[in-house]
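J.: Below is the structure I would like to discuss, written out as structure tokens.
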Amino acid sequence: MPQDLESQIRGTEAGAQPASTTLRTSSKVLGRITDGIYRRPESAVRELVANAYDADASWVHIQTDRPRFSRIVVQDNGHGMSPAALTHMLHNIGGSSKRSADGIPLGVTNLDDTRLSPGGRRLIGRIGIGLFSVAQLAYSFQIITKTEGDEWQTVADVVLRQWDEPPPDGDAEYEAGRVKVWRERADDPAAKGTSVILTSVRQSTVETLQSKGIWRLVDRGDREPPRFHIGDHLGDGTLREIDGTSASLPWQSPHGEPDEAFQSLVGGVTASYAQGERSPSLKHLLDNYLQMAWNLSLAVPLTYVHVSPFDISGVSTLRYVLSGGVPAAARPLDLPTSVPVSEKFSWAQSDVPTDGLADSFRVLLDDLELRRPLRFEDMPETSNAIKKPIIFYGQLNEDFPGVDSARSGGPLRFSAYLLWAPKIAPIDNVGCLIRLHGASGTGFDPSFLGYPVQETVKLRQMTCEVLVHEGLEAALNIDRESFNAAHPHVIRLTSWLHNAMTRSFTQVKAVAKAERATKSSEQAEQFEADLEAIVLHAYEEAGGEPEDIPEVRLAGASSPSAPVGDEYVFDRSRVLGADAYSGSKPAKEAERKVAAIVQVLAAYGLLDDLEPEDREALLADLATIVRLKSG
Amino acid sequence: MAEEDIAVEEFKLDVPEYADPDGPSRACAPWHRPRKQYVREKCWLAPTKDLLAGVQVDEGLRYLGLPGTDLLDIRYFLDELCTDGRKMRFVGFNNAATGSSPEATELSLALSEVHLRDAQVDAQSRIVSDDIRMVGSLNTIAHDAVSEAAPYDVINLDLTQSIGADPLTAKPSMYDAVQNILQLQIGRTRPWMLLLTSTLDQPTFSPDSVQHFRREFDRLLEDCPHLEELCADLFGLTTDALDNDPDGNVFVYMAAVAVCRWLQHCAGRGPFWRMNLRAAFVYELDWDPDAYGMVHLSVKCTPTYATGVDPSGLAKGQPVHDVCEDAEQIIKKLEKVVNVDAKVRSDEALRRRLNSRTLELLGPRFESIFDDWVKDFES
């Protein structure tokens, strides 16, 4: 059958009618899809981007006619599919030829290593339902695909079967759609790539992307419009006018470059805290489309919007290394502040592979060039004692010695960073995000894989990424949005993460304590300096010299009461009353203020004419005033 | 929206029937004729090449147009103007291609191919599926799309009907759309091209727009009285002739002059640019070599930096240029209008070359139908 279809497709080059076939899958796979594993539009788009990455594309363009969303195109310049590869895909939804020897002749797998793409990238896709994920978004779609050197391109027109009847149980094959496939002469034989065009977008998808739910709440007065949005499409191409404009976008238009536009989006979200958004969350700040852009940028293998966490300097952050076993403390990074951690440890690298392909992997969503929307410098300022973010680097190389790989799942290797900051903005970035070869479907897990310690405040101040280089793939569930918690790799990773967090929090607390002590000491020094300045000023006003300033002593029971030289001596108990020996900070400050008052009065010659008894009585009254508290 | 309405929203869209998809269907179109390729080469490309001479390639090329589903015009400009590192960012309007119709498939194929030319095409280039008239309303997808890429180096209003077809009361109208597009050109510092293709014979105008453009022409003559004699001498264009020969070329000339004047002034108080008619071509009306229908105008617009008038007279401002000079140049250029049909009909070698180039632009998938289709056309 596949051979026949391929022949029929090629036959259209000679003028034969388009080949007709059906989209076939097993009921098991279909069941998973109808379970709604791709619940959000970005999940399905993410799968198409992953396919492009696996096809060694250097760019992917996601083009929508936002905010209408009647048409969505995902185009890449990857290897494209030959008629044979397309045939295999149409008849094997859920049975990808990737990661198998079958993929080699079809041009989707590396000749030497089936875990790699033809160009050497670590494959992200695994189960071959990526393309079928568009079933969640559209009633029909087209594929236009071309391989390099082919004078023809292949077009597949697909109408998907709607869920009008329950699929059969078991492993029976299910007809999921009807397809027409034909060949078209190509404009440029050297060109290559694939376009997936959603021609009839589901109304529910349109409504979601148009943020209709949000706008209904706005209409009811139940919420404000999102701070940033693409506009509310009222139908027929017209948009709602809000504050004199149709859209509220953080990037400058016209002439905004796509990478600058995305930086503006990230900057706009991050800055919202300083602009009064106390708990900045994506769902309040962004409409659904911009949230899709944000979440997509977290999910696919991209570089960071600014600097990689492994390339930041010690100027703007405090840096520690998590090494050694528990309970070893985190060690300060032994590097000059200008040198990034990536220069010291080979494992401390960004997970975006540097194979020459991924470096140039660009994803554009309309006007935005997506990057990982994570910033590690210029974090929001707060009143917290710790002003700089604290970043902890760590790694794991686990070979599970002595355990059969069938039980352990083989080696597990990853590097990670945990970043603590007084405020994480947006709050959606709180949590742990696990990446496999640069990609992640899980997003940030705010529970940190179920961190069991009660650290309510500190948990809200932590964001981390675990960048898996080897292992864990078998633990990934079919939707690529969750893990099998019982898998040995998940158990080991969880254990490592929780230990790392405990050590990180301990260090954060130590830093905070030290900061508080320093601050307290600085405050005391400042207090002393202020008093000295007041006294000095008084002596200058009165025509005295600094050398004239007398010492003041509040004598206790065990200290001599007789003055030495020109010092003033008072009875501690009489002057300070109940606070004479408390030793508290307010009492010490009161004592110091009283001494300064004595010096000021002396400067103006107001003390020496008084009898010692009166002097002491005066000072006792003044000390009472100094110690007086309102309420 | 009420909850019960939300429940039925899903079914409002035309859900495609579960049946075999349509498959391919391809046909040639009027813009594949040799005369149109002649217009592309002589009327559009040549002046645009002059415009871009001396402009750094990294300045790119911003293009607004009304392409067919084959994106032929865009391919042509890419081939001719973007082979030296210059990247085009285009915004096109085509409201014929929606869903999974054969036209939509054709557009998808063309867009896919054009975007793969990533050294020549800016990724933000897009086709908007609205009628360009929607640009006439500010809060629309169409207006946003145009403004995001504005201002443009080339605005190609390649209309299939008359620029004066809409009644003056129409909403949205072509007039509002053109005004909004041109307003987005204000503030541009480099010259730009305005390419206009429109039928200009009187029956293709709405009755009230006929009167409007005649008033526009009258105002020109009031401002520049010396042009009255020039128009009479060159075209026999007089009030009397207009009244007595409403379907003839006299009206076409009048309309061409009046439309140019409107295009110079409609963006607001200025005018903000000088207009220089670089080329004027016509198609015959109903194969009558003496009757003109479709007119192609290629106008170079040069910003003037005209400032407003200080009512106190303190600031001098920039002097407003003499619009009569521009109008005189336009009128004299119109006198040399090229009859494209006659030109192409009379030169078989030229016709063969134009057809060959058109097919090259259309790509090999038109090979099987193009020759058979085009042989019926002498121009």
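So that you can scan it fast, the table gives a plain yes or no per residue for (1) over 23 Å from A:His306 (Cβ atoms); (2) within 18 Å of the chain's Cα centre (by Cα); (3) among the hydrophobic types (A, V, I, L, M, F, W, C):
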position	(1), (2), (3)
A:Pro226	yes, no, no
A:Leu234	yes, no, yes
A:Thr245	yes, no, no
A:Gln252	no, no, no
A:Leu265	no, yes, yes
A:Pro280	no, yes, no
A:Gln291	no, yes, no
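J.: For segment A:394-402, indicate whether the set of residues that are assigned to a loop (DSSP other than H, G, I, E, B) and over 16 Å from A:His489 (Cβ atoms) is non-empty.
T.: yes
Here is a yes/no grid of residues against (1) open to solvent by 20 Å² or more (accessible area, probe 1.4 Å); (2) without any contact (Cβ under 8 Å) to a residue 40 or more places away in the chain:
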| position | (1), (2) |
| --- | --- |
| B:Leu242 | no, yes |
| B:Tyr253 | yes, no |
| B:Met275 | no, no |
| B:Trp287 | yes, no |
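J.: Do we find a residue being part of a strand (DSSP E or B) and either surrounded by 12 or more Cβ atoms within 10 Å (Cβ to Cβ) or not aromatic (Phe, Trp, Tyr) (or both) anywhere in segment A:538-552?
T.: Yes, because at least one residue in segment A:538-552 is part of a strand (DSSP E or B) and either surrounded by 12 or more Cβ atoms within 10 Å (Cβ to Cβ) or not aromatic (Phe, Trp, Tyr) (or both).
J.: Another question, if that's okay. Being of a type outside the set (Lys, Arg), open to solvent by 20 Å² or more (accessible area, probe 1.4 Å), more than 12 Å from chain B (Cβ to nearest Cβ) and out of contact with any Leu (no Cβ under 7 Å at 6 or more places or on another chain) is the requirement here; does A:Gln291 meet it?
T.: It is false that A:Gln291 is of a type outside the set (Lys, Arg), open to solvent by 20 Å² or more (accessible area, probe 1.4 Å), more than 12 Å from chain B (Cβ to nearest Cβ) and out of contact with any Leu (no Cβ under 7 Å at 6 or more places or on another chain).
J.: Shifting gears a bit: If you go through segment A:491-507 one residue at a time, how many are more than 20 Å from A:Leu298 (Cβ to Cβ), among the hydrophobic types (A, V, I, L, M, F, W, C) and open to solvent by less than 60 Å² (accessible area, probe 1.4 Å)?
T.: 4
Here's the yes/no breakdown for (1) buried (at least 16 other Cβ atoms within 10 Å of the Cβ); (2) in contact (Cβ under 8 Å) with a residue 40 or more places away in the chain; (3) among the aliphatic types (A, V, I, L, M):
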residue: B:Asp326; (1), (2), (3): yes, yes, no
residue: B:Ile331; (1), (2), (3): yes, yes, yes
residue: B:Glu335; (1), (2), (3): no, yes, no
residue: B:Lys343; (1), (2), (3): yes, yes, no
residue: B:Asp347; (1), (2), (3): no, no, no
residue: B:Val374; (1), (2), (3): yes, yes, yes
residue: B:Phe377; (1), (2), (3): yes, yes, no
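J.: Further, regarding this structure: How about segment A:259-283: which of its residues are assigned to a helix (DSSP H, G or I) and either open to solvent by 10 Å² or more (accessible area, probe 1.4 Å) or of a type in the set (D, E, K, R) (or both)?
T.: Passing the criteria: A:Asp259, A:Glu260, A:Gln263, A:Ser264, A:Gly267, A:Gly268, A:Thr270, A:Ala271, A:Lys283.
J.: If you don't mind, there's one more thing I want to ask. State the number of residues belonging to segment A:335-379 that are at pLDDT 75 or above, farther than 30 Å from A:Asp65 by Cα and in contact with a Lys or Arg (Cβ under 8 Å, 6 or more places away or on another chain).
T.: 3
J.: Output the residues belonging to segment A:380-393 that are within 19 Å of A:Asn429 (Cβ to Cβ) and in a loop (DSSP other than H, G, I, E, B).
T.: Scanning segment A:380-393 gives A:Pro380, A:Glu381, A:Thr382, A:Asn384, A:Ile386, A:Lys388, A:Pro389.
J.: Separate question: Go through segment A:558-597 and count every residue that is under 19 Å from A:Leu628 (Cβ atoms), surrounded by 12 or more Cβ atoms within 10 Å (Cβ to Cβ) and of a type in the set (A, V, I, L, M).
T.: Looking only at that region, the number is 9.
J.: B:Leu182 fails exactly one of the following numbered conditions: (1) touching a Leu at 6+ places or on another chain (Cβ under 8 Å); (2) open to solvent by less than 10 Å² (accessible area, probe 1.4 Å); (3) within 30 Å of A:His229 (Cβ to Cβ); (4) within 14 Å of another protein chain (Cβ to nearest Cβ). What is the number of that condition?
T.: (4)
J.: May I ask you to verify whether A:Ile127 is modelled with pLDDT under 75 and β-branched (Val, Ile, Thr)?
T.: yes
J.: Could you tell me how many of the residues in segment A:284-337 are of a type in the set (Ser, Thr, Tyr), closer than 14 Å to A:Leu374 by Cα and not in a strand (DSSP E or B)?
T.: So the count comes out to 3.
J.: Name every residue in segment B:154-171 that is surrounded by fewer than 22 Cβ atoms within 10 Å (Cβ to Cβ) and more than 13 Å from chain A (Cβ to nearest Cβ), in order of residue number.
T.: Correct list: B:Leu157, B:Asp158, B:Leu159, B:Thr160, B:Gln161, B:Ala165, B:Pro167, B:Leu168, B:Thr169, B:Ala170.
J.: Please find, within segment B:135-153, the residue that is nearest to the chain's Cα centre (by Cα) out of those that are open to solvent by 10 Å² or more (accessible area, probe 1.4 Å) and at the interface with another protein chain (Cβ under 7 Å from one of its Cβ atoms).
T.: Per the stated criteria, the residue is B:Ser147.
J.: Of the residues that sit in segment A:227-248 and are touching a helix residue (DSSP H, G or I) at 6+ places or on another chain (Cβ under 6 Å) and open to solvent by less than 20 Å² (accessible area, probe 1.4 Å), which one is farthest from A:Leu285 (Cα to Cα)?
T.: Restricting to residues being touching a helix residue (DSSP H, G or I) at 6+ places or on another chain (Cβ under 6 Å) and open to solvent by less than 20 Å² (accessible area, probe 1.4 Å), the top hit is A:Gly237.
J.: Being over 49 Å from the mean Cα position of the chain (by Cα) and open to solvent by 90 Å² or more (accessible area, probe 1.4 Å) is the requirement here; does A:Glu525 meet it?
T.: no
J.: When you scan segment A:226-246, how many residues do you find that are in contact with a strand residue (DSSP E or B) (Cβ under 6 Å, 6 or more places away or on another chain), in contact (Cβ under 8 Å) with a residue 24 or more places away in the chain and assigned to a loop (DSSP other than H, G, I, E, B)?
T.: The qualifying residues number 4.
J.: Related question: Among A:Asp428, A:Asp366, A:Asp445, which is the only one that is crowded, with 18+ Cβ neighbours inside 10 Å, without any contact (Cβ under 8 Å) to a residue 24 or more places away in the chain and within 26 Å of A:Gly268 (Cβ to Cβ)?
T.: From the options A:Asp428, A:Asp366, A:Asp445, the qualifying one is A:Asp445.
J.: Still on this structure, I have one more. Name the residue, out of B:Ala327, B:Ala342, B:Ala279, B:Ala291, that is among the aliphatic types (A, V, I, L, M) and more than 18 Å from B:Ala255 (Cβ to Cβ).
T.: B:Ala342
J.: Quick check on segment A:190-200. Is at least one of its residues more than 30 Å from A:Arg10 (Cβ to Cβ) and at the interface with chain B (Cβ under 9 Å from one of its Cβ atoms)?
T.: Checked segment A:190-200: no residue is more than 30 Å from A:Arg10 (Cβ to Cβ) and at the interface with chain B (Cβ under 9 Å from one of its Cβ atoms).
J.: Moving on to the next point. Between a first residue in segment A:399-412 that is farther than 12 Å from A:Ala474 by Cα and a second residue that is surrounded by 10 or more Cβ atoms within 10 Å (Cβ to Cβ) and among the polar types (S, T, N, Q), which pairs have beta carbons less than 6 Å apart while being 6 or more apart in sequence or on different chains?
T.: Correct list of pairs: A:Phe400/A:Ser408.
J.: Turning to a different aspect of this structure: Name the helices (runs of 4 or more DSSP H) wholly inside segment B:19-134 in which the number of residues that are within 23 Å of the chain's Cα centre (by Cα) and within 14 Å of chain A (Cβ to nearest Cβ) is 2 or more.
T.: Ranges flagged: B:72-81, B:102-116.
J.: Determine, yes or no, whether A:Gly471 is in contact (Cβ under 8 Å) with a residue 24 or more places away in the chain and over 17 Å from the mean Cα position of the chain (by Cα).
T.: yes
The values are calculated or read from the model by the stated rules, or taken from the named source; none is laboratory data. Because the structure is predicted, anything quoted here is derived from the model rather than measured. A quick note on method: Cβ atoms are made from the backbone with ideal geometry, for glycine too, and the neighbour counts reach across all protein chains shown. Areas reflect the complete protein model, heavy atoms only, side chains present, ligands, DNA and RNA absent. Shrake-Rupley method; radii C 1.70, N 1.55, O 1.52, S 1.80 Å.
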